[in-house]
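Novice: Okay, handing you the structure first.
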Amino acid sequence: MIRILVADDEHLIRDAVAGLLDLNDDFEVVGQAASGDEAIATALRVRPDVALLDLQMPGPDGIEVARRLAAELPGCGCVIVTSHGRPGYLKSALSAGVRGFLPKTTSARDLAQAVRKVASGGRHVDPELAAEAISAGDSPLTPRETDVLALARDGAPVEEIARRVSLSRGTVRNYLTAAIAKLGAANRHEAVRIAAERGWI
């Protein structure tokens with residue numbers, strides 16, 4: 001019997017996934033969680049074989065939950081199930097120890113196959129996402145450029161970004177200019193859009 005944890009902040013989706021999994025004779029849903037913190041606490045308590053994690057949850061996101069579980073519960077295989085299947089997220093997830101990465105558009109049959117594969121020690125990555133990740137390449141942005149651009153995504157003015165990252169306004173402008181140039185964007189709004197689409201911020 002494969003013991004499964006389902007973590008998603010959307011109640012309807014979480015219940016639907018748990019219900020679909022319970023239709024399989026070899027699956028048992030042993031826990032559900034609505035946030036990253038709850039997912040970690042529940043996993044450590046019920047010790048599932050596989051944790052299905054939404055990418056974007058309150059508290060630690062699915063990738064951070066997977067990173068923590070890889071350290072604290074290495075016998076649990078983590079699978080990200082997301083509607084944000086961008087190349088940068090896939091690469092971050094794999095580097096965090098995630099063993100499966102699927103879009104929420106996947107079929108119940110494919111989800112079940114992925115769970116079985118991960119439970120047996122294998123990996124399962126959606127082929128289209130894998131191809132996109134390979135063709136997209138790595139982010140050209142430095143960690144500091146990434147931080148500044150991520151803050152710009154929220155519409156923060158240069159002065160606020162400078163305050164939040166403890167840099168001068170001129171230095172923040174330089175990082176934004178460098179990011180815009182590296183991404184071939186016309187302005188910071190387009191740079192934010194490009195980086196977000198590729199999962200780099």
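Novice: Under a Cβ-Cβ cut-off of 13 Å, what is the net charge of the residues other than E64 that fall near it, where Lys and Arg count +1 and Asp and Glu count -1?
Specialist: Overall, the nearby charge balance is -2.
Novice: Relative to the compact globular guide of 2.2 N^0.38 Å, what is the alpha carbon radius of gyration of the range 104-201, as a ratio?
Specialist: Its radius of gyration relative to the 2.2 N^0.38 Å reference: 1.45.
Novice: Also: Report the label-to-label distance for R173 and L12 in nanometres (one decimal), using points 7 Å from each Cα along the Cα→Cβ vector.
Specialist: Once both label points are built, they end up 4.8 nm from each other.
Novice: Which of P143, L55, G155 sits closest to the plus end of the dipole of the chain, meaning its Cα is farthest towards the positive end, when Lys and Arg get +1 and Asp and Glu get -1 on the C-beta?
Specialist: Highest projection toward the positive end goes to P143.
Novice: What number does the chain give for Rg over Rh if you use C-alpha atoms and the Kirkwood radius?
Specialist: 1.04
Novice: Using the Cα centre as the reference, give the magnitude of the dipole from point charges on the C-beta atoms of the range 143-197 (Lys, Arg: +1; Asp, Glu: -1; all else neutral), rounded to the nearest 20 debye.
Specialist: 140 debye
Novice: Let me ask you something else. Taking a cut-off of 21 Å between Cα atoms, list the lysines near K117, but don't count ones fewer than 8 places away on the same chain.
Specialist: In chain and number order, the partners are K91, K104.
Novice: Let me ask something additional. Report the full-extension gain for the segment E72 to R144: residue separation times 0.36 nm, less the Cα-Cα distance, to one decimal in nm.
Specialist: Extra length available between E72 and R144 comes to 23.0 nm.
Novice: Cα centroid distance between the range 109-160 and the range 1-46, in Å?
Specialist: So the separation of the two Cα centres works out to 22 Å.
Novice: Shifting gears a bit: Once the Cα gyration tensor of the range 143-197 is diagonalised, what are the square roots of 5 times its eigenvalues, in whole Å and ordered largest first, as equivalent ellipsoid semi-axes?
Specialist: 17, 11, 9
Just so you know, all these numbers are worked out from the coordinates, no wet-lab data involved. Keep in mind the model is a prediction, meaning the values are calculated, not measured. Positions of Cβ are backbone-derived with ideal geometry, glycine not excepted, and every protein chain shown enters the neighbour counts.
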